[in-house]
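K.L.:
First, the structure itself, so that you have it in front of you.
What follows draws every value from the coordinates through simple rules; no lab data is involved. Note that the structure is predicted; figures quoted are calculated from it, not measured. Positions of Cβ are backbone-derived with ideal geometry, glycine not excepted, and every protein chain shown enters the neighbour counts.
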Amino acid sequence: MGLGAALVAILPLIGVVATALGDGQADIALSDLTRYALTSVALSAQVAVLTAVLGVTAAWLVVGHDFPGRRWLSWALALPLAAPAFALAYGYADLFDAAGDLRIWMRGTLGVDMPFEMRSLGGAGLILSLAFYPYVYLAMRAALLNQSSQAIEAARMLGASPTRAFFQVALPMARPALAAGVALAVMETLADYGAVQFLGVQTLTTGVVRAWFVFGSIASAAQIALPLLAFAAVLMWIERMGRSGADHDGGRGRWRPLILQPLPPVKAALATGFCLMLVGLGLVLPLGWMAHTMIDITPEWPRLIAAARHSVGLAIMAALVTVALAALLALGSARHPLAARIASLGYATPGAVMAIGLLIPAAVLWRLVPGSVGGFGLGIALLIYAYAARLMAAAFEPIEAGLTRVTPSVVQASRMLGRSETDTAWAVQLPLARGALFTAALVVFVDVMKELPATLMLRPFNVDTLAVMADNYARDERLANAGWPTLLLVLLALPAVLWLTRKISASRPGEP
Amino acid sequence: MTDRPTLTATGLVRRYGRDAGVHGVDLTLVPGQVTALLGPSGSGKSTLLRLIAGLEAPDAGEIRLGETVLSRPGQAVAPEHRGIGLMFQEHALFPHKTVLGNVTFGLNHLPRVEARERALDLLRSLRLEDRAKAWPSTLSGGEQQRVALARALAREPAVLLMDEPFSGLDASLRAEVRDALTPALRAAGAAVLIVTHDAEDALAMADHLILLDHGEVLQSGTPEACYLRPVSLAAARMLGPVEALPGHADGDAVETPLGRFPRPDGEATGWQLLVRPGDVRLADQGVAATVVARRFAGSGTSVTVETSDPNPYRLTLAHTGPVPAIGQPVFLALEAGHAVIVAI
């Protein structure tokens, strides 16, 4: 059963590879492909460096220092995860538009203009970094908290200043977590469609979507998707390595929290300012600006409400299906360790690629089941399938962690009392891991709410989600209209993100 | 060895929660001397060590090294500027650096070549020269121990603090490592403070012993003095099994089930006689008693007897030679000079 769940994740990928290598009429010029790939690499490199700097600095400040607001900033720093990257792109592009009020004022009053445009590779790198730095922040925060304070104290006792202790001991020991966090940020960068498309940056992912929508060629799309898959596999491997290296770094020995370094007033103010700036630039400023511009516009209420219902409905369905599959995978993971590995490849796969992999069977099925009703159900099923395949690994992780806390002897006790394996899972393991199941469901819910490319490509005719609706407006440069679905999306995702980040920031090593 | 300063702590207080912490401790660490701080877990000994290291700040009191004030409330020299070395309980070797990298970590004020030479010298003196390029995770517990010591000694600290240095080692290795480390410690010439909960380690290594409980010093002195002349039942219990027999004052003497002994100076609500298993032996004459239990203990036999007083008392003594049967009447004699009378 666990293997079956893993197959769900891998099948579309096999579809992509088969199509790309097959003899379909693909007519992608190698030069185009190279250009897309180079742009993706350049963008990824920018995001890797910038998220690393921002995320590591924030984590080190919050874990090791005392400054005003430290406690709530330590979870607020993760809140930008509630906003999809395209929301930031809309906000910043509009705020810093060459014909916008701000730039006009700058030119008129200050006599200077912005040194660069948001609608450029550099602008996209900046925006995606602000959206994705929480991945690095969360990974580094956990790693630094997990490090026994002994190593840093030992460095101090050996004459190292706090700065040297950080750069020579704490940071090298947290290298695996840094690699894992950056890998996640880069995965999201490669997968992003909404933001880069809007900013006019042509990456492999926009190439995949264009090949399908503009040229209607699955084969071409699959060929563009192939290098993306390769990148994804490499990133997944880096992320895995990071995770496995994390074990020996915790060090044995009693865990003691790092003693917070008190900061003198000026430095403390700078620390608070830096963290506030991250939350401000990653969430408050772009969304606040969107809220400001949309206030004059009356939304199309019926469309907006329908889109919200579609978004929430799809997210809930996807959460249930994905958690069920991930639970199967986790329960079977002891027997099929490879299955989890396979499923995790799905997580690294951009939604657009996943969709391409599903379009091939979809085309066949649509021909077999004509008629709008059958087509609608099929479309929804394919969409849920794509979400599940992509997010199974994300759901697997908390569930597996929850299940490993159920000690083997408890499971064996149930078996010795005459319960079957399935019975034991229902009656013992899953109830004990119900907190983890809920966490997993929330993770999937938030990600599906924000998802754009797969939804765009697979949704049945006339089923718009909030993300699709925002994207439609943004394509027409009706940004004020795009604000409504975007903000509604963030508001709907925010409670789940809040719950997740509060839970993450409250957790301590050795505790659930 | 150059003249090294003495570390003095006076009136140290560090409060946590209700009664954990340290409540007014004085201590002196003399160069070239090994001081052992013995106490059960939660007695405040690790807190005291962290206060001296500068990893925590005292709520009251003062720590000086020679004439320099290291800590007092509102004023502290940073841990890296104290000239104090600390060996952590779990060694805290840096997993991402080799043995040599660990030992030279604290020597970055020296030219690279010189730092390397000094580190290799130290490793050689601890018989670790062949492990210089090894990663800490590949070392045995005893080797990690010695690397941690080399790392701490490399900076030639004025004071070396060791937190439970032998806790990770199994019993057979423990004595061996302990005996191997002691000469290296003395050769370093630093003032050494060893924090331990193990009485055997403390007695074996220390020139000076401090017994700590509930954040207060119960007794301090040479190991012999602390063992032979405990000031209280609690202090005596820390260093080994002991039994207390009640006594009552009778003029200048204290009457106990094992005889009359001179009454110590000072007032007390009551007195007791402290007896260790080796202090009492079976004799041809003396206090009448009956054997009630016996337990073979390898080198001898542990014999429990009950005095034939109107109020019988039981005590256990270490006995060698023919073992009396249970129920057999015997006579007890206290070794001359081993009578310890303390206030209750």
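K.L.:
By counting other Cβ atoms within 10 Å of each Cβ, how are A:Leu491, A:Leu456, B:Leu51 ranked from fewest to most?
P.N.:
On the way: A:Leu491 12, A:Leu456 23, B:Leu51 26.
If I rank by nearby Cβ atoms, fewest first, I get A:Leu491, A:Leu456, B:Leu51.
K.L.:
Of B:His338, B:Gly247, B:Gly266, which is farthest along the charge dipole of the range B:241-343 in the positive direction, counting Lys and Arg as +1 and Asp and Glu as -1 at C-beta?
P.N.:
B:His338
K.L.:
Read phi for every residue in the range A:390-401 and hand back ³J(HN,Hα) as whole Hz from Karplus 6.51 cos²θ - 1.76 cosθ + 1.60, θ = phi - 60°, with x for Gly and Pro.
P.N.:
Here the 3J(HN,Hα) series is 6, 9, 4, 5, 5, 7, 4, 4, x, 5, 5, 4 Hz.
K.L.:
Okay, moving on. Please list log₁₀ I(q)/I(0) at q = 0.05, 0.09, 0.11 Å⁻¹ for the protein assembly as shown, using the Debye equation with identical point scatterers on the alpha-carbon positions.
P.N.:
Normalising to I(0) and taking log10 leaves -0.42, -0.98, -1.22.
K.L.:
Still on this structure: Can you compute the equivalent ellipsoid semi-axes for the range A:389-512, i.e. the square root of 5 times each eigenvalue of the Cα gyration tensor, sorted largest first and rounded to whole Å?
P.N.:
Values: eigenvalues 316, 60, 18 Å².
Here the semi-axes work out to 40, 17, 9 Å.
K.L.:
Name the residue from B:Thr222, A:Ala221, A:Ala82 whose Cα lies farthest towards the positive end of the charge dipole of the protein assembly as shown, charges +1 on Cβ of Lys and Arg and -1 on Cβ of Asp and Glu.
P.N.:
In the protein assembly as shown, that residue is A:Ala221.
K.L.:
Could you compute Rg(Cα) / (2.2 N^0.38 Å) for the range B:1-95, with N its residue count?
P.N.:
Working: Rg = 13.5 Å, N = 95, 2.2 N^0.38 = 12.4 Å.
Normalised Rg, Cα atoms only: 1.09.
K.L.:
Sticking with this one: Counting partner chain Cβ atoms within 10 Å of every residue's Cβ in B:86-94, what's the average?
P.N.:
Values: counts 6, 2, 9, 3, 7, 5, 12, 4, 9.
Shielding by partners across B:86-94 averages 6.
K.L.:
Please report, to two decimal places, log10 I(q)/I(0) for the range A:393-458 at q = 0.12 Å⁻¹ as given by the Debye formula with identical point scatterers on the Cα atoms and no solvent.
P.N.:
So the normalised log intensities work out to -0.42.
K.L.:
Which of B:Gly142, A:Ala441, B:Gly54 sits farthest toward the positive end of the charge dipole of the protein assembly as shown, with +1 on the Cβ of Lys and Arg and -1 on the Cβ of Asp and Glu?
P.N.:
Working it through, the farthest residue towards the positive pole turns out to be A:Ala441.
K.L.:
Evaluate the charge dipole of the range A:2-506 about its Cα centre and quote only its size in Debye, nearest 20, assuming +1 on the Cβ of each Lys and Arg and -1 on the Cβ of each Asp and Glu.
P.N.:
Working: 33 positive and 27 negative charges, 304 e Å.
I would put it at about 1460 debye.
K.L.:
Can you tell me the equivalent ellipsoid semi-axes for the range B:7-232? Use √(5λ) from the Cα gyration tensor, largest first, whole Å. Don't skip to the end; give the middle numbers.
P.N.:
Values: eigenvalues 169, 87, 46 Å².
Ellipsoid semi-axes (Å, largest first): 29, 21, 15.
K.L.:
Amide H of B:Arg263: which non-local residues (sequence gap of 5 or more, or other chain) have their own amide H closer than 5 Å, using H built in the peptide plane?
P.N.:
Close amide H contacts, sequence-distant or interchain: B:Ala253, B:Val254.
K.L.:
Between B:Ala171 and A:Thr163, what is the label-point separation in nm under the 7 Å Cα-to-beta-carbon projection?
P.N.:
Those two pseudo-labels are separated by 5.2 nm.
K.L.:
Any idea what the relative contact order of chain B is, in percent, if you count C-alpha pairs under 8 Å spaced at least 6 apart? Intermediate values should be presented prior to the final figure.
P.N.:
Values: 724 pairs, mean separation 56.8, N = 344.
Relative contact order here is 17 percent.
K.L.:
Would you kindly give the portion of the calculated P(r) for the range B:241-343 that falls above 20 Å, as a percent of all Cα pairs?
P.N.:
Details: 1951 of 5253 pairs.
Across the range B:241-343, Cα pairs with separations above 20 Å total 37 percent.
K.L.:
Quick one: Karplus J couplings for the range B:336-341, per residue in order, coefficients 6.51, -1.76, 1.60, θ = phi - 60°, nearest Hz, x for Gly and Pro?
P.N.:
For the range B:336-341, the Karplus-derived couplings read 4, x, 9, 6, 10, 9 Hz, x marking Gly and Pro.
K.L.:
Could you please rank A:Asp113, B:Asp163, placing first whichever residue has the fewest other Cβ atoms within 10 Å of its Cβ?
P.N.:
A:Asp113, B:Asp163
K.L.:
Give the aspartates and glutamates reachable from A:Lys450 as a straight Cα distance under 18 Å; neighbours fewer than 8 places away on the same chain don't count.
P.N.:
A:Glu188, A:Asp192, A:Asp464, A:Asp471
K.L.:
How tilted is helix B:112-125 with respect to the longest principal axis of chain B? Cα atoms for both, answer in degrees (0 to 90, nearest 10).
P.N.:
It works out to around 30 degrees.
K.L.:
How would you rank B:Val113, A:Val428, B:Val275, going from fewest to most other Cβ atoms within 10 Å of each one's own Cβ?
P.N.:
Numbers: B:Val113 8, A:Val428 18, B:Val275 27.
If I rank by nearby Cβ atoms, fewest first, I get B:Val113, A:Val428, B:Val275.
K.L.:
Would you please state the base-10 log of I(q)/I(0) at q = 0.16 1/Å for the range A:266-393, with intensities from the Debye formula using one equal scatterer on every alpha carbon?
P.N.:
At q = 0.16 Å⁻¹ the computed log10 ratios are -1.00.
K.L.:
With charges set only on the Cβ (+1 for Lys and Arg, -1 for Asp and Glu), what does the dipole of the range B:241-343 come to about its Cα centre, in debye to the nearest 20? Kindly include the intermediate steps, with their values, before the conclusion.
P.N.:
Details: 7 positive and 11 negative charges, 101 e Å.
It comes to approximately 480 debye.
K.L.:
Would you pull out the residues with amide H under 5 Å of B:Ala60's amide H, same chain only if 5 or more places away, H placed 1.01 Å from N?
P.N.:
Residues meeting the criterion, in which the H sits 1.01 Å from N, are B:Val13.
K.L.:
Something else about it: Search the structure for amide H atoms under 5 Å from the amide H of B:Gln328, placed 1.01 Å from N in the peptide plane, and list their residues when 5 or more places away or on another chain.
P.N.:
The answer is B:Val291.
K.L.:
Could you go through the range A:361-366 in sequence order and give the Karplus-derived ³J(HN,Hα) for each residue, using 6.51 cos²θ - 1.76 cosθ + 1.60 with θ = phi - 60°, rounded to whole Hz, and x for Gly and Pro?
P.N.:
x, 4, 4, 5, 5, 4
K.L.:
In µm²/s, what is D for chain A at 25 °C and 0.890 mPa s, where D = kT/(6 pi eta Rh) by Stokes-Einstein and Rh is the Kirkwood radius from Cα pairs? Present the calculation step by step, with values, prior to reporting the outcome.
P.N.:
Details: Rh = 24.0 Å.
My calculation gives 102 µm²/s for D.
K.L.:
Any chance you could give the angle, 0 to 90 degrees and rounded to 10, that helix B:141-154 forms with the longest Cα principal axis of chain B?
P.N.:
Compared with the principal axis, the helix lies near 60 degrees.
K.L.:
How do A:182-194, A:300-312 rank on mean C-beta neighbours within 10 Å, highest first? If you can, show how the numbers build up before the last one.
P.N.:
Values: A:182-194: 25.8, A:300-312: 16.5.
Top to bottom by mean Cβ count within 10 Å: A:182-194, A:300-312.
K.L.:
Can you tell me the dipole magnitude for the protein assembly as shown around its Cα centre, using point charges on the Cβ only (Lys, Arg +1; Asp, Glu -1), in Debye to the nearest 20? Before the final figure, lay out the partial values.
P.N.:
Values: 66 positive and 67 negative charges, 269 e Å.
Roughly 1300 debye for the protein assembly as shown.
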